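Read the structure below first, then the notes.
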Amino acid sequence: MNPKINKALEIIKIIEEAGGSAHVVGGAVRDTFLKRQTKDIDLATSFKPDQVMKLFNKVIPLGIEHGTVLVRYKSESYEITTYRTEEGYEDYRHPDQVQFVRSINEDLARRDFTINAMALNSRQKVIDPYKGMEDLNHQVLRAVGHPEERFKEDPLRMMRALRFASELQFTLEQNTYSAIQKQAHLLKQISVERIAVEFEKLCTGRDYNRVLPLCFTIGISNNIPIFQDEPQLIKILPQSRLTSFAEIVAFYCEKGSIYKEDDWIKKWKQSNKVKRESIMLLKAVRRFRENDRELNWILYNLSGSLIVKFSNVMNALNYKVNQQSLEKTYEQLPIQSRKKLAFQANDLLLVFHDQRKGAWIGRSIKRIERAVVLGEIPNEYQAIKEWVKTWKPPEIV
Ligand code: ATP
Ligand code: MG
């Protein structure tokens, strides 16, 4: 068993010794049985947050009102949440109110799919009231309880169903499928940000090729940004797997969406970081398309960190590039950044001492940078100086 789970079992024992009960729950249980790397381990407990906080030294209250604290234990982090039912569905006047419950079984009832509704106790026994293990073995996603009701309670679950289908390569159980088909429109009630998290996981999941078209068939794509206006777009499939939202934006914009990257960012409410990255990726791809001899300059401008993402977008667009060789090409460029240039702005000013400072400096440095990166001129002070001296003032101003 993975060492992080073993430490979680120790946490459970600590809680049990203090008179409470606790279980590993949700994704961690599922992933353990799928022999899949698990990102975070969640625990559920009969103890209230204040009782948990007394038992451990390093505790961060994450969402006390939802019963959640973060415990640091033996260099690992665990989210520990008091057994509860889902908040506020019965009572929309107090949507944030949480109903704590006594047993793990009641807690499991609020969970979305049978494979996510299993728990592990301190003796590693599986508590599995909804036959999640059976569904896990059959690779099936089945809503806990009545699917239509569960999706009405929280329409995001429909999006989660598809993202798990893609990530885990599972199929949707018939009633779960029909319920999504019938109620996909309810997704409109859910914030774009939450849908985006699931959509990114869906696109970056192993079975994106099967599940993206399924989004169209089942009616999900009519209810998410961009695709609701351009339904056919979702049928254009990346030729290989993308790994982030910025790549997704670059891919679909290059494939000819009526929306530009700016619209994507706004409609999907993405961060400035995603915006910056998608603009850079798209620029790089388009530059390459126009002139592949520019590759070194493209890689230089992506400046290392975006090369993997660039490689992913290129492969998704069927350009068939090799990530390692792109990285190697980047490493072997004459310079990796402007700082390494043998000729800087002050050197330029010495050559053109009668020129007033202005935008020409930035432009000129960029020109030198490009010539050095493309190997047209060596990165040596004298060589660059001689070249620069041949420039005529009109080129400078
Ligand atoms: P991942 O490995 O991607 O994090 P996960 O199953 O852990 O997958 P989370 O979103 O971290 O997914 O949620 C943890 C658990 O909480 C789920 O396994 C599920 O039991 C429950 N859960 C999360 N979101 C919902 C929801 N919208 N409705 C019902 N249960 C949910
Ligand atoms: Mg999780």
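The values are calculated or read from the model by the stated rules, or taken from the named source; none is laboratory data. Owing to the predicted nature of the structure, the values given are computational and were not obtained by experimental measurement. Cβ atoms come from the backbone with ideal geometry, glycine included; neighbour counts cover every protein chain shown. Quick note on the areas: whole protein, heavy atoms, side chains included, nothing else; ligands and nucleic acids left out. Shrake-Rupley method; radii C 1.70, N 1.55, O 1.52, S 1.80 Å.
Some observations on this one:
- Some residue of segment 301-322 being among the basic types (Lys, Arg) and at positive phi: yes
- Thr85 vs. criteria farther than 24 Å from Lys4 by Cα and in contact with a Lys or Arg (Cβ under 8 Å, 6 or more places away or on another chain): yes
- Looking across segment 225-249, the residues that are in a helix (DSSP H, G or I), over 17 Å from Val197 (Cα atoms) and out of contact with any Pro (no Cβ under 9 Å at 6 or more places or on another chain) come down to Pro231, Gln232, Leu233.
- Exactly one residue among Leu302, Leu282, Leu212, Leu306 is within 21 Å of the chain's Cα centre (by Cα) and farther than 26 Å from Val372 by Cα, and that residue is Leu212.
- Residue count, segment 333-359 (criterion: assigned to a helix (DSSP H, G or I) and under 40 Å from the mean Cα position of the chain (by Cα)): 5
- Matching residues, segment 162-187, being within 16 Å of ligand 2 (Cβ to nearest atom) and open to solvent by 10 Å² or more (accessible area, probe 1.4 Å): Arg163, Glu167, Leu168
- Selection status of Ser77, closer than 27 Å to Thr114 by Cα, surrounded by fewer than 16 Cβ atoms within 10 Å (Cβ to Cβ) and in contact with a strand residue (DSSP E or B) (Cβ under 8 Å, 6 or more places away or on another chain): yes
- Considering segment 35-59, and only residues there that are surrounded by 17 or more Cβ atoms within 10 Å (Cβ to Cβ) and within 19 Å of Phe113 (Cα to Cα), the residue that is farthest from ligand 1 (Cβ to nearest atom) turns out to be Leu43.
- Total residues in segment 167-192 satisfying the condition of being within 14 Å of ligand 1 (Cβ to nearest atom) and under 22 Å from Ile265 (Cβ atoms): the figure is 3.
- Cβ pairs under 6 Å, 6+ apart, first in segment 21-40 and under 17 Å from Asn121 (Cα atoms), second within 12 Å of ligand 2 (Cβ to nearest atom) and of a type in the set (Asp, Glu): Val25/Asp42; Gly26/Asp42
- Every pair of residues 6+ apart whose Cβ atoms lie under 7 Å, when the first sits in segment 268-289 and is over 11 Å from Leu302 (Cα atoms) while the second is basic (Lys, Arg): none
- Qualifying residue in segment 361-369 (condition: part of a loop (DSSP other than H, G, I, E, B) and at pLDDT 95 or above): no
- Among the residues making up segment 202-224, those that are open to solvent by 20 Å² or more (accessible area, probe 1.4 Å) and more than 17 Å from Ala179 (Cα to Cα) are Thr204, Arg206, Asp207, Asn209, Arg210, Pro213.
- Of residues in segment 299-318 being modelled with pLDDT of 95 or more and assigned to a loop (DSSP other than H, G, I, E, B), the one farthest from Val274 (Cα to Cα): Asn318
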